[in-house]
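Below is one structure; the comments refer to it alone.
Computed from the coordinates by the stated procedures, all read-outs in this text should not be read as laboratory data. Please read all numbers here as calculations on a predicted model, not as lab measurements. Ideal geometry is used to build each Cβ from the backbone, glycine not excepted, and the neighbour counts take in all protein chains shown.
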Amino acid sequence: MTPTNQRGESIRVMHPLFQEGQGGSIPTSPLQMRLETIPFRQARSLNRLWHSRLPRFGTGAVEDMQFLSYGAAFEGRLFAVAIWSNPAARNLPQRTWLELRRLAVSPERPPQTCSWMLGVMARLIRKRLAEIVKLISYHDLGVHSGTIYKAAGWIATTINDNGNWTRKSRHRPKAQSESPKQRWEKCLTIEQPNISEPSV
């Protein structure tokens, strides 16, 4: 095992003090996993390791932020991470909308992990943050079709044609992807169908 892989594996451990005997099993269904809040730094590190299209999050100048981050764990190891923040586009509601900025999964994750996470996170956020009425996310039209959002009951809305969030008043680093982005929305104020999920 290379030093890089060793570092990646250590980042995946949920509770380092209790990793004895853990880490060998791989879940066969997302229903075997447990969704937990995790530190942003851990989520960002695993996003860098797993996200092929958008490994970078932010400029790197800030080591830690109070972004809501989730990890899908099984027997003490993480198999997927998600990072939420206020909408990156400042013209969108900043206090009542929440944007899924990254969703990254391990190559070992079970099928349907992403859609399962989207469904569970929506319910957790509804319970945790009563002020949030809508969730949004974007998928890269250059490489994805949005299947995970459709499966989780999200609705496709607008498309950002240029794929670049930089504005004259707000310069940002060169985009990691300049393909058009499809926006998806999930309203939290409407009762959603009950979908089976593990205890969280």
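Listing for the model above:
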read-out: Condition broken by Thr157, with the remaining ones in (1) part of a helix (DSSP H, G or I); (2) touching a Phe, Trp or Tyr at 6+ places or on another chain (Cβ under 8 Å); (3) surrounded by fewer than 21 Cβ atoms within 10 Å (Cβ to Cβ) satisfied; value: (1)
read-out: Some residue of segment 103-110 being of a type in the set (Ser, Thr, Tyr) and farther than 16 Å from Leu35 by Cβ; value: no
read-out: Search result, residues across segment 115-129 that are farther than 13 Å from Leu98 by Cβ and in contact with a strand residue (DSSP E or B) (Cβ under 9 Å, 6 or more places away or on another chain); value: Trp116, Met117, Val120
